[in-house]
Amino acid sequence: MPTAGAVSNVVNASDGVRRAVSAAAGALVLVVLSPVLVAVAVAVRLTMGRGVLFRQERLGRGGVPFELFKFRTMRHSLPGREGAEFDAERLTRLGEFLRSTSLDELPSMWNLVRGDMVLVGPRPLPVHYWDRFRGDEYRRFEVTPGLTGLAQVSGRNAVDWPQRLELDVRYVDERTLAGDLAIIVRTVPMVVGRRGVSADGTATMHPLPADRPAAPVD
């Protein structure tokens, strides 16, 4: 039977592989698709004005915040209309296209290069969600967040929050390098087919409720 130290060494080694492969993939995409990045940036600037990038503090491994980079897909909010319920009126036709094709995620390749994220893992969520998780859901922070993950290939934003967070914990429990590769392969038809881009009744994704019940005590 392997010792705890041996298991830890294997985990550390696999995490190192994930980081190295993710950084290399991010750098390659930034170089190869640089013309696409420039074209999208120009289109966003012309249709939505200043501020080509969307920047937001997200929760990383261990709950440590980092700045996530994406292309903007929405117009700037008007005073008093900042909530998620106004996303539909702010989302532009270009933004809808960028989201459905995942082209809005291209600047996130820089997060891969920096090591904030890896290719596969639980999607990073906003910092203000920290107090909204319950019980084992915090285990999603035991690993580095990913560009895609088990919840994403299970339905993307069409997956409701309880199932989504359950899938994140399941990924933490069962993750392997082979499993990560399988998730990457499953991500391709999800993106090409533009499936699960938005949740029912919203242009994007319903916010994680702030008034969720506490985790049950055994």
When residues of region 44-60 are limited to those that are touching a helix residue (DSSP H, G or I) at 6+ places or on another chain (Cβ under 6 Å) and not in a strand (DSSP E or B), the one farthest from His128 (Cα to Cα): Thr47
Search result, residues across region 107-154 that are within 12 Å of Leu167 (Cα to Cα) and not in a loop (DSSP other than H, G, I, E, B): Asp136, Glu137, Arg139, Arg140, Leu150, Ala151, Gln152, Val153
Hey, Leu167 among the hydrophobic types (A, V, I, L, M, F, W, C) and assigned to a helix (DSSP H, G or I) or not: yes
Hey, Arg18 surrounded by 18 or more Cβ atoms within 10 Å (Cβ to Cβ) and assigned to a strand (DSSP E or B) or not: no
Considering residues of region 155-164 that are assigned to a helix (DSSP H, G or I) and touching a residue at least 40 places away in the same chain (Cβ under 8 Å) only, the residue nearest to Asp15 (Cα to Cα): Arg156
Selected residue [crowded, with 20+ Cβ neighbours inside 10 Å and β-branched (Val, Ile, Thr)] from Val113, Val153: Val153
Flag if Ser100 is among the hydroxyl-bearing types (Ser, Thr, Tyr) and either within 13 Å of the chain's Cα centre (by Cα) or surrounded by 15 or more Cβ atoms within 10 Å (Cβ to Cβ) (or both): yes
Residues of region 76-96 classified as surrounded by 15 or more Cβ atoms within 10 Å (Cβ to Cβ) and either at pLDDT 85 or above or not acidic (Asp, Glu) (or both), total: 7
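The values are calculated or read from the model by the stated rules, or taken from the named source; none is laboratory data. Given the structure is predicted, the values throughout are model-derived calculations rather than measurements. Cβ atoms come from the backbone with ideal geometry, glycine included; neighbour counts cover every protein chain shown.
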